[in-house]
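Novice: Starting off with a structure, shown below.
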Amino acid sequence: MADKPDLSKLVKELREKTGAGILDCQKALTECGYVVEKAIDYLRQKGLAAAAKKAGRETNQGLVHSYIHMGGKIGVLIEVNCETDFVARNEEFKAFVNDLALQVAAAKPSFVRREDIPADVVEKEKTIYEGQAKEMGKPPAAWPKIIEGKLEKFFQESCLMEQSFIKDPAVTIKDLVSSHSISKSPSSLAAEISFAASLPARPAWNEPPPTTWACSPQCSMP
């Protein structure tokens, strides 16, 4: 049996060759059978490699921030990049990054943007919603609208940029990004939120380990 490829090393190599983001590299490698050269072509076809290189030149500074919540039961690690070291050292930017970490810990988003959600996940949700509409006794003609509404709610709950800010539910995370004096558009900054993980605390030395370790799909642990 062939050894399982080291995804972290492949992602690192692909990022160095294309400048693409972690999420895009992970998706490209998965789609291309973990073959780096094919993944490079995939990213070029999607127009991600060139755009990512430009973004990498513009956002080569930033912060990697950790947040521990509930007495060590939940931990978040998040990276947000910006254009200059001056901005990265700014107290406003640090507070902004901390707010994002708080958001991840509390709301547990699975993705940064809806564009990051794999097509098969979206299709699975649609199938479930169609079944729910059928069970509700709704006519088939009404199913598309019901599915659309439920899918939109799924995006709002699962995608960081579309979630309501925990400190002010009237504001979305995208709005929060726009309200800060950061010289990047919300969509560009979203692409630079490289990884966010929400992990249960490690068990005490005399406790059995958990059966699973929950980690969001966009997680990339160093």
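Here, each number is a calculation from the coordinates, and none is a lab measurement. The shown structure was predicted, so the numbers you read here are calculated from the model rather than taken from an experiment. No Cβ is skipped: glycine too gets one built from the backbone with ideal geometry, and neighbour counts run over all protein chains shown.
Novice: Per 0.36 nm of contour for each residue apart, how much would the distance between residue 120 and residue 138 grow if the chain were fully extended, relative to their Cα-Cα spacing?
Specialist: 4.0 nm
Novice: Okay, next question. Applying a 10 Å radius around every beta-carbon, put 142-148, 171-177 in order of their mean neighbour count, most first.
Specialist: The peptides rank, most packed first, as 171-177, 142-148.
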